[in-house]
Amino acid sequence: MDKNVKQLIADNIYNFTGFRVIRDWGKLYDMNKFFKDNGIHFKKGDVAIEVEQNGKLIAKGIRRWSQRRVCLEYKELKPQIEWYV
């Protein structure tokens, strides 16, 4: 897996968590088409986002929250991404 594919996967994980939201519909469409063509699927859970390619786990994005409360809510931090490829 090359650097560009890893960057696309990381951007999509950040978009899921709301850390870096992608508002360009054209880019979202191209990303989703690329993921579908290459058999990459995302499973979003409460604590982790798992990324699979053809049934094999390739990455996991672990969600984190801050220790302090801001406006009565805990702020979500940048997720940590563990690569298995």
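Any read-out appearing in this document is the output of simple, stated calculations on the displayed coordinates, not a laboratory observation. From a predicted model like this one, the values you see are computed outputs, not experimental measurements. Quick reminder, even Gly has a Cβ in these numbers, built from the backbone with ideal geometry, and neighbours come from all protein chains shown.
Values as computed for the structure displayed
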{"quantity": "Neighbourhood net charge (10 Å Cβ-Cβ; Lys/Arg +1, Asp/Glu -1) for residue 63", "calculated": "+1"}
{"quantity": "Candidates 54, 15, 32, ranked by Gaussian network fluctuation over the chain, Cα under 10 Å, top entry", "calculated": "54"}
{"quantity": "Filter on 56/78; 44/78; 6/27; 6/60; 33/78; 3/60 - keep pairs with C-alpha separation over 18 Å", "calculated": "56/78; 33/78"}
{"quantity": "Acute angle (nearest 10 degrees) that the helix 25-37 long axis makes with the longest principal axis of the chain, alpha-carbon atoms", "calculated": "50 degrees"}
{"quantity": "Rg/Rh ratio calculated on Cα atoms of the chain (Kirkwood radius)", "calculated": "1.00"}
{"quantity": "GNM result for the chain, Cα springs below 10 Å: residue of 51, 70, 21 fluctuating most strongly", "calculated": "70"}
{"quantity": "Charge dipole (debye, nearest 20) of the stretch 3-83; +1 at Cβ of Lys and Arg, -1 at Cβ of Asp and Glu", "calculated": "240 debye"}
{"quantity": "Within the stretch 53-79: backbone nitrogen closer than 13 Å to the residue 6 label point (7 Å, Cα to C-beta)", "calculated": "59-60"}
{"quantity": "Estimated D of the stretch 1-50 in µm² per second, where Rh is the Kirkwood radius over Cα pairs and Stokes-Einstein applies at 25 °C, 0.890 mPa s", "calculated": "214 µm²/s"}
{"quantity": "72, 77 arranged by Cβ crowding within 10 Å, fewest neighbours leading", "calculated": "72, 77"}
